[in-house]
1. In sequence order, what are the phi-derived ³J(HN,Hα) couplings for region 27-35 according to the Karplus relation 6.51 cos²θ - 1.76 cosθ + 1.60 with θ = phi - 60°, rounded to whole Hz, with x for glycine and proline?
2. With 13 Å as the cut-off, how large is the P(r) tail for region 38-97, expressed as percent of Cα-Cα pairs?
3. Based solely on its DSSP helices, what 222 nm [θ] is calculated for the chain when runs of n ≥ 4 H residues each add -39,500 (n - 2.57) and the sum is averaged over all residues, nearest 500 deg cm²/dmol?
4. Please turn the phi angles of region 76-82 into ³J(HN,Hα) values with the Karplus equation 6.51 cos²θ - 1.76 cosθ + 1.60 (θ = phi - 60°), one per residue in order, whole Hz, x for glycine and proline.
5. Using the heavy atoms of the protein chains and a 1.4 angstrom probe, tell me the accessible area per residue for the chain in square angstrom.
6. Between Y123, Y78, Y29, find the one with the highest GNM mean-square fluctuation for the chain; connect C-alpha pairs within less than 10 Å.
7. Using a 1.4 Å probe on the protein heavy atoms, what percent of the accessible area of the chain belongs to carbon and sulfur?
8. Largest first, please: the extent of the C-alpha atoms of the chain along each principal axis, to the nearest Å.
Amino acid sequence: MYNLYILFRSQLAREKDYSLRERFMAILYTLGLTTVSLVLAYYVHHFGEFIANRGVLDFACRNFCATMLLTTLCAPIYFARKSRWHLAVCGLFEVTLVLTGSRSAILFGGVLTLLCCIYLVRYGVVSRKLMLILGTCAVAI
């Protein structure tokens, strides 16, 4: 155990050539995309049942998938500062969150999306005018 401690301590003291924050967000992003692909694969596999039940499909790991999506929703927003294409992935995360059917996750997802929109406006990724138009459209729906 002592040898492992010395090894880990030396690795932590070594200067890193990457950003820990960016690496952590990339891991979250990957987990989110994995969850999105699992939920969408489930819906594709049970598409007939989805249509027969008028858009309602209950699956066993609904709350787990919703929790994973809520946890990882901030990752595409973080990377949107580099490229706005990540906002489309954020939209995919939101749609998949709705598909999970967890009402509390949808509520918390809405609050988290509002906070992410404030972040986007604060760092100049999206203009205030565009965010106002999107917010008005969202309220109208």
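1. 3J(HN,Hα) across region 27-35, in whole Hz: 5, 4, 4, 5, 4, x, 5, 5, 5.
2. In whole percent, the long-distance tail amounts to 66.
3. Calculated mean residue ellipticity at 222 nm is -25000 deg cm²/dmol.
4. x, 5, 4, 7, 5, 5, 8
5. 72 Å²
6. Y123
7. In the chain, the share of accessible area belonging to carbon and sulfur is 67 percent.
8. 60, 41, 23
The values are calculated or read from the model by the stated rules, or taken from the named source; none is laboratory data. A quick note: this is a predicted structure, and the numbers were derived from the prediction, not measured. Keep in mind that these areas ignore ligands, DNA and RNA; they rest on the heavy atoms of the full protein, side chains included. Shrake-Rupley method; radii C 1.70, N 1.55, O 1.52, S 1.80 Å.
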